[in-house]
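The numbers here are math on the coordinates, done by the rules we state, and not lab data. Here the structure is a predicted model, which is why all the values come from computation and not from measurement. Cβ placement follows ideal geometry from the backbone for every residue including glycine, while neighbour counts extend to all protein chains displayed.
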Amino acid sequence: MFITFLRNAIRFSTIFLFGSTGETIVEKSGHLNMGIPGVMCIGALAGCAGMSIYFNTLTDPSQINLFGAVVLGILFTIVSGAICGVIFSFFTVTLRCNQNITGLTLTTLGAGINLFVFKRLETFSSYFGKASDGFRNLFQVEVGANWFTDVFLSYGILVYLAIIIAVVATIIFSKTRVGLNLKAVGESPATADSAGISVTRYRYLATIIGCSIASLGGLFMIMDYLGGNIEYGLDEYGWLAVAIVIFSMWKPHFGILASFIFGALYIAPSYLNASFAMKNVIKMIPYVVTIAVLVVTSILNKKGNQPPEGLGINYDREKR
Amino acid sequence: MKSIRLENISKAFGWIKALDDISLQINEGEILALLGENGSGKTSLMNVIAGIYHPDQGDVFIDDEKVTISSPKDAFKYKIGMIHQHFKLVNVFTAVENIVLGLEKSDYKKFKEEQIKTEEEFFAKLKGVREPSNVEVANAKSRIYHSGKYDLNFARQKVIQICNQYGFKIDPDKHVYDMSVSEKQNLEIVKALFRGVDLLILDEPTAVLTPQEIKVLFKILKNMKADGKTVIIITHKLNEVMEISDRVEVLRKGKYIGGVKTSETNPAQLTEMMVGKKVELEIRRDTPVNPDLRLEINNVTLVKEGVKVLDNVNLQVNGGEILGIAGISGSGQKELLECVAGLQKAKSGDIIFHNPKENKPVTFFHKDLKQIKELAAQGKFHDPDGNKIDLTGLKDKEIRKMVEEEKIIFYENEIMPLNDKTPLEIRNLGIKLSFVPEDRLGMGLVGEMNLTQNMALRSFRKGKGMNVEMKKPERLAEHIVKEFGVVTPNLNTPVGRLSGGNIQKLLVGREISSNPKILMTAYPVRGLDINTSYYIYNLLNDQKNARCAVIYVGEDLDVLLALCDRLAVIYQGKITGVVDPHKVTKEQVGILMTGGSIDA
Amino acid sequence: MLKNFFKENDFIRISRRMEIPTWKKWVFKIAGVLAGFLFAAIVVSFISPGSFFKFFESLIVGNFTTVRKLLVLFEEVAILFLISCALAPAFKMKFWNIGAEGQVLMACLGTVIGMFFIAPNVPNAVALIIELLLAVTFGVVWSLIPTLFKAFFNTNETLFTLMMNYIAKGIVALMITLWIKNGSGVIPVLEYGRLPRIGGQNYIINIIVAVVIGVIFAFYMMRSKQGFEISVLGGSRNTAKYVGIDVKKVLIRTMIITGVICGIVGFLLVAGASYSMNENTVSGRGFTAILVCWLAGFNIPEMAGVSFLVAFMKYGAREVESSLHVGGSFVDIVVGVFFFVVIASNFFITNQVKINFKAFKKKKKEVIE
């Protein structure tokens, strides 16, 4: 029972991990993207829409080429995330609009488009159910043999991908030239600019890449965790992912642990024998924990764990 | 690079013409001073060469070839580097990280090739003379370790080499937030040299340095010139121009005025070129008449984040005098003024205000009825004949009549402790303390608000009722605009749009409009043109003559020595000396500024 | 590269404006709104081909054709406007409270407590007063918690208030579970403690309240000493301290005002409109109000205008949704598109775009040659 809980906690944490790694990359460049929940919604629906184009050519769910479906889904999702990144950057870097407002509008739009498109895709729900097997099982090694394989080797591709991406992100931040440049853009765009780094390019690219990664979180939720159940609201997870960025102090490898803790807390109610009312209380715990973390980190206020100095502020070279 | 030529450069910001058809030439191997008042366009012009500004019109020629420098990166390609007044450093990075920031793969490859070339040249020279020793071969092999990729170790080595060559002292792994101002400046220069610049532009480099650090900087600049590099130093300080430069080019209000060889000119001529007319360079200093003790700062200590920002400070400020405070930026001057103003709370010590009241009648402007009765009970008043006053048993109406007829008179000055009081409490006690802070728009004014609203900042609480009374502030604004010559389209303009000089005139005007008993000013003429600066010096003199106690925190030692009646020097939160500006020398003040001591 | 295109060539020069005459600013604002409508119509015609003009028709039909529809429209305007008013002083102080959704929800909860437990046993007027007090108290408590942490520990308010939204939803769900023993998970429409209907319509009092509060608030923000303090604090924190404004005090006082107004909104929503509640009673209007408030530049009269536009748009879209059977959050898409366009139009207010036609001709010549 505990193994199942552990396994599902790790699975659930993937949505947070994608979201927080993506948003960390975005925030390192100085963009505070409150549109991440919208990005996740759009990611989910884009992947499903892409797959449905393929499904349209079939007559029966059993005909699905699982590998193809998975690849198609991931591809469409990443592209949609990238487009969201472009939109956000266009409004904030080129049109110089307020970042918070742009993000919130994106979330509103994303949540709206989400439900709307999914209603249209209802006809394919059985196909989605079958396709989710691909996401869950295709890269699995083995399941049920012993606790070790269950805990470490029994996941779908997206779970492994999330962890790999987080680790790669950390390495890039700390050990490469590009990582250093990106950090500079987020901390002090004026400095980066005078060092010859294109603030515009880095902000655009970081936002595009970050949003692409975050969008995979939405796809994962629908296709892996929920087994193809497409009628589900994803906003909450997006906000918790933003909170995890702070919790992990903008370090993706901490984000892995933080996402796991949040994931475990989030699904804990279903594994406990408690009354309906108690379950409601437990559902609130992740949010309370986030608040506690916010308060504690603001009291402690250590220098290396602060947000990038230029976070949330648009850069204008000719500002006197 | 042999020369840079600018032809007909123009640039406007909105309706302000920053650069107006400027043409001038810079030659290899010279130290050129770009001289002009604040606002004359010096920084803007250099920003064009450094790739930060795009000229609206005009061209730049390097070695007689037309070039477009569209970004700081481009400038580096042409071997031009600029050190700005506000340092472009990332606080959380170390020195090395800041230096390599922005280098590309191609740069690292180039470094590797240069290294290999140097070694090959070394061995080529040896050929035919003697065989290289095993040690030399090993050393050469170890020097070409650089892989041509992003590598902080390599950068560290090269930084140490540059430091040794020109005379800097930099710790490569120190974080910027731990560095002093002059260390940061050195870091900026090394950053440019690391990229192999031939032309280095420094924007007002000495503003933040002590006299000793300025000497070190000038020595470094001379070393660079000896190495064949070209230096442009943007400044408005004439004595530095005379000391370090070979040639001077003068700008005034965005136009090019002319250029002279330093050896063929003098400060008076340069001033005339800068300002456009003969200027009296003397700062008026009236002899103080009967200065009386106004403010006592006794053993004040202020601790912030575990550091003693103010350490047992003892100072006396007298009415009718200007007390100057000199010190390196960040020595505690700002915090001292803020402590007195009630914006920071001292950990220990007393700040005592001596309210000049001796033989003055009490008025309802300063005290209300209850306070008057309390003070009378303490025996603070006498009547016009000198006898003690007892107000017990008198009706309120009778007391009011006595106040109006000026029959209740103070025996002596009021002693009012200021510590632990907020600015609001200080105001409500009737203490007239005015403060012109260093950060004009960030602290003294609200940039988005218009002139009238900014004048209301001090007085908006007055008056009964819920609404702010705007008529008096409006009249004050009109008065200041007229008296001080503030240039503004109208009273509704947001003050953030006005130029620096006009902003400062507004701020100073508001602060002295209340006839303060203490006036504290921090760097009041920073960024202002000569005329406005002298206007402000005269204002301060007038205040002094009106028996106000003036505190002047400044960075220009010449001004401090010419304007102040007494001069205190602060270093790391301690007062290292209080000297007589008539007698002390700049060098002695410099020593005090870095914590040394001089024989009194 | 595209960005360089904008900066460095001669075709289009973009530069920051120094200042802009008021009339010009309004031209751009109105043009932005009209463009917003246009783009929304275009989006609609993509989703449901051929319905471009139907969109505009629906805007009128959905909003103006019956008295009931008018009332519904203005009720929505009132709610959006009031929440924006609640947010405006805090936003002006740069305190980013995005928890209005939760604050109003908690106020609704307080009202329901009054209506459910107390109202059946006391005269209606008393019940109403108690409900209002409960609503305001709940609203204030919910808005003060993040404020106190910000005031004393400088905790980031954006995320804190956001989390409070979800906790509020959880508490409401919990309460419903506890009170409604039959497990239906729904609070029935309550009989007692309702605001009186005027002329048989139940939104009228809400609308009147919104107008009254709006006027009072406008004076408060623009003329009063406290409004002045808020403006100073929003302009520069250091300047506020310098003139003796107690930042903590003003912050707490302002957020109490936010809580009070959110309390009033909650009260109106429950006792004046639906007489019941669930987790979705506020239905995202807390978030929409943030956009309204910001777009209006925290200016009370403009907020009324923007609230009207948004509500107008929303009900028009709803009409399209039902008449064309498109369903599913179509409204959010339309409102989202509208906002994006209006935000983009702000760009033209802060920047000047000059197109150099001569350069176009020159380039064309070069290409031909």
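Values computed for the structure shown
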| read-out | value |
| --- | --- |
| Mean shadow area of region B:298-433 over all directions, Cα convex hull, nm² | 9.8 |
| Debye log10 I(q)/I(0) at q = 0.23 Å⁻¹ for region B:446-515, Cα point scatterers | -0.97 |
| Calculated diffusion of the protein assembly as shown, Stokes-Einstein form, Kirkwood radius summed over Cα pairs, 37 °C and 0.692 mPa s, µm²/s | 94 |
| Mean residue ellipticity (222 nm) of the protein assembly as shown, computed from DSSP H runs ≥ 4 via -39,500 (n - 2.57), nearest 500 | -18000 deg cm²/dmol |
| Antiparallel DSSP beta bridges within the protein assembly as shown, percent to nearest 5 | 60 |
| Net charge of Cβ neighbours under 10 Å - reference C:Val243; Lys, Arg +1; Asp, Glu -1 | +3 |
| Chain A, relative contact order [Cα under 8 Å, separation at least 6], % | 37 |
| R0 of 41 Å, Cβ-Cβ distance B:Lys395-B:Thr301: FRET efficiency to nearest 0.05 | 0.25 |
| For chain C: relative contact order, % (alpha-carbon pairs under 8 angstrom, 6 or more apart) | 35 |
| For B:Val436, residues with placed amide H under 5 Å, excluding near neighbours | B:Met520, B:Thr521, B:Ala522 |
| Cα convex hull of region A:1-109, projected area averaged across orientations, nm² | 9.2 |
| Interchain or long-range residues, amide H under 5 Å from B:Gln57's placed H | B:Ser10 |
| Under Karplus coefficients 6.51, -1.76 and 1.60, residue-wise ³J(HN,Hα) of region B:586-595 in Hz, glycine/proline x | 4, 4, 5, 4, x, 5, 5, 5, 10, x |
| Chain B, relative contact order [Cα under 8 Å, separation at least 6], % | 15 |
| Label-zone membership for region B:300-330, site C:Val247, 7 angstrom Cα→C-beta point, backbone N under 19 Å | B:303-306 |
| Inter-label distance, nm, simple model (7 Å from Cα along the C-beta direction), B:Gln165/A:Glu122 | 7.4 |
| Shielding by partners - mean other protein chain Cβ count within 10 Å, residues of C:148-158 | 4 |
| C-alpha long axis of helix C:330-350 to longest principal axis of chain C, angle in ° | 50 |
| Calculated FRET value between C:Val27 and A:Thr94, using beta carbons and R₀ = 30 Å, to 0.05 | 0.85 |
| Ranking of B:Arg475, A:Arg96, C:Arg194 by count of other Cβ atoms within 10 Å, fewest first | B:Arg475, A:Arg96, C:Arg194 |
| Net charge, C:Leu148 excluded, C-beta distance under 15 Å - Lys, Arg +1, Asp, Glu -1 | +2 |
| Spacing of the two label points (7 Å from each Cα toward its C-beta) at B:Asn490 and B:Gln212, in nm | 5.7 |
| C:Lys54, B:Lys127 arranged by Cβ crowding within 10 Å, fewest neighbours leading | B:Lys127, C:Lys54 |
| Global geometry of region C:66-325, whether rounded, prolate or oblate, following the gyration tensor of its Cα atoms and the 1.5 cut on a/c | prolate |
| Normalised convex hull volume, chain B, alpha-carbon set, Å³ per residue | 200 |
| Calculated diffusion of region B:39-86, Stokes-Einstein form, Kirkwood radius summed over Cα pairs, 25 °C and 0.890 mPa s, µm²/s | 221 |
| Residue order, fewest to most surrounding Cβ atoms within 10 angstrom, among B:Asp420, B:Asp439 | B:Asp420, B:Asp439 |
| Angle in degrees between helix C:247-269 and the longest Cα principal axis of chain C, rounded to the nearest 10 | 70 |
| Gaussian network model of chain C, springs between alpha carbon atoms under 10 Å - residue of C:Gly336, C:Gly266, C:Gly99 with greatest fluctuation | C:Gly336 |
| Between helix A:99-120 and chain A: long-axis angle, C-alpha atoms, 0 to 90°, nearest 10 | 20 |
| Estimated FRET transfer efficiency (C:Phe64, C:Ile349; beta-carbon r; R0 30 Å; 0.05) | 0.50 |
| Three principal axis lengths of chain A [C-alpha, angstrom, descending] | 63, 45, 37 |
| Neighbour net charge for B:Lys79 - beta-carbon separation under 10 angstrom, K R +1, D E -1 | +2 |
